[in-house]
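First up is the structure itself, then whatever we jot down about it.
The values are calculated or read from the model by the stated rules, or taken from the named source; none is laboratory data. Computed from a predicted structure; not experimentally measured. Cβ coordinates were reconstructed from backbone atoms using ideal geometry, including for glycine residues, and neighbour counts include every protein chain displayed. Accessible surface is based on the protein model in full, side chains and every heavy atom, while ligands, DNA and RNA are left aside. Shrake-Rupley method; radii C 1.70, N 1.55, O 1.52, S 1.80 Å.
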Amino acid sequence: MSFQHGLSGLDAASKNLDVIGNNVANANTVGFKGSRTQFADVFATSVSSSIGTDIGIGTRVAAVAAEFTQGNIAVTSDPLDLAINGQGFFRMDNNGAISYTRNGQFQLDRNGYIVNSRGDRLTGYPSNAAGAIVTAAPIDLQLTTQGVPPSATTAATVGANLDARAAVIAAPFNLNDATTYNSATSMSVYDSLGNPHTLSVYFAKTAANTWDLYASLDGTQVGAGAAGSLVFQSNGALDTAASTFPSLSVALANGATTPFAFNVDFTGTTQFGSAFGVTQLAQDGYAAGQLTGFSVDDRGVILGRYSNGQSRAQGQVALASFTSPQGLQALGSNAWAETAGSGPALIGAPQSGSLGALQSGAVESSNVDLTAELVEMITAQRVYQANAQTIKTQDSLLQTLVNLR
């Protein structure tokens, strides 16, 4: 009598229960991917055996395959917690040893590197001094907490509607006399040290469809006369060919680069029969700023936010995909290693190719379905009991033969 069938069934059912138990134990493990036991039957045949009369000698575990399906996205309060929505793995570096994970629980170490709980560093693409992403070979991402230096204003834009019904001003311009101009507006501009200055622009109507422009910086008129002029067409649109936009230059005595020079563009200005109103005030300068926090967009770009309202890219997270993720070698701690069976890692930015998007302030939960696992556990238990029963039956038959006289 053969006990092989029952023994193989007990062994396979036991391993299946181990896999199910591991899935259940990791139901709350961030980024965990559940596994399924794959079985295969076993035959012992010979050349002389007849077709159709072969009897198997049991079963075996052919493979334990990971299931890389999407887990639920759970929101957290940490902006460096990242969840992959779609395909891909985070690429981690530990002194040159590369591993891959779906666990996006990251934090900064004392040197500014983005690391996980094992101390592995998240890799990606760095940014240059201007904040542009350099898509070369991925490196360990290191964030800086340094502030950004100031940037002087080089261009300003003013958009407004001038009231076509306004009266012509005949008196010479005097910025301290509101009767010598029709309307005015102000904005802040910045010198090379980041010092703010108040730029005021004054509009004085000199004839039908014609306005003179005057400017002052910090209450002092720039130039002796008009800084420019605006000429409008009969439909109220600005005639840019006939207009002269101001090119301002002011000497500074505060240690900043002097002269302080910049152009003011009035392209969007109109002249309609309605009240004066400002539609646009913009300039490209800013003061020095200190880092106030980080954010990560869905393409993995890590933005530093600064107290002066600016933001600057400090790097971009890289993701990796594989032709056969089931060929990856499990390393524990939610990490996998590349193997010949998985194929080489295909590295790219989130949302490029088949790679998924990133969600900041969130993590991917385990993809284990507890209800399904508990049902599978009941089934595996019954299979184990049934295989034990076949051994018991074989033993009873063998005992019967031994007892023959």
Counting each DSSP H run of 4 or more residues in the chain as -39500 (n - 2.57), what helix-only mean residue ellipticity at 222 nm follows after dividing by all residues, to the nearest 500 deg cm²/dmol? -5000 deg cm²/dmol
How about Lys15: which lysines have a C-alpha closer than 30 Å to its C-alpha, ignoring those fewer than 8 places off in the same chain? Lys33, Lys392
Taking only C-alpha pairs under 8 Å that are 6+ residues apart, what is the relative contact order of the chain in percent? 24
So, over other residues within a Cβ distance under 12 Å of Val383, counting Lys, Arg +1 and Asp, Glu -1, the net charge is 0
Stokes-Einstein, Kirkwood over Cα pairs, the chain, 25 °C, 0.890 mPa s; D in µm²/s equals 88
Let me know the charge dipole size of segment 267-398 about its Cα centre in debye, to the nearest 20, where only the beta-carbon of Lys, Arg (+1) and Asp, Glu (-1) is charged. 200
Full-extension gain between Ile391 and Asp284, please, as 0.36 nm times their residue separation minus the C-alpha to C-alpha distance. 30.2 nm
Summed over the other residues with a beta carbon less than 11 angstrom from that of Ser183, with K and R at +1 and D and E at -1, the charge totals 0
In whole Å, what are the Cα extents of segment 1-158 along the three principal axes, biggest one first? 94, 38, 33
Alpha carbon centre of segment 74-136 versus segment 329-405: separation in Å? 29
In terms of solvent-accessible area of protein heavy atoms at a 1.4 angstrom probe, what is the ranking of Tyr286, Tyr384, highest value first? Tyr384, Tyr286
Heavy-atom accessible area per residue of segment 134-275, all protein chains kept, 1.4 Å probe, expressed in Å², is 46
Simple spin-label model, 7 Å along Cα-to-Cβ: Thr292 to Ser274 in nm? 3.3
Sorted list, accessible surface of protein heavy atoms, 1.4 Å probe, largest first, for Leu303, Leu238, Leu370 is Leu370, Leu303, Leu238
Taking +1 at the Cβ of each Lys and Arg and -1 at the Cβ of each Asp and Glu, which of Gln142, Val64, Thr76 sits farthest along the dipole of the chain towards its positive end, judged by Cα position relative to the Cα centre? Val64
Distance between modelled label sites at Leu404 and Ser77, nm, 7 Å Cα→Cβ extension: 7.8
Here, Ala251 and Asp218, labelled 7 Å along Cα→Cβ, have an inter-label distance in nm of 1.4
What's the angle, to the nearest 10 degrees (0 to 90), between helix 4-25's Cα axis and the longest principal axis of the chain? 20
Tell me, how many Å apart are the Cα centres for segment 144-196 and for segment 241-271? 9
Potential extension, Gln70-Ala27 segment - 0.36 nm per residue separation minus Cα distance: 14.1 nm
For the chain, with all protein chains present and a 1.4 Å probe, just round the carbon and sulfur fraction of the accessible area to a whole percent. 52
When Lys and Arg each count +1 and Asp and Glu each count -1, what net charge do the other residues less than 11 Å away from Pro325, Cβ to Cβ, add up to? 0
Rounded to the nearest whole Å², what accessible area per residue is found for segment 355-405 with the 1.4 Å probe? 64
Against the longest alpha carbon principal axis of the chain, how many degrees, from 0 to 90 and to the nearest 10, is the axis of helix 370-402 turned? 10
Got a number for the accessible area of Val115? Probe 1.4 Å, square angstrom, nearest 10. 10
Between Asn95 and Ala178, the FRET efficiency computed from the C-beta separation at R0 = 60 Å comes out, to the nearest 0.05, as 0.30
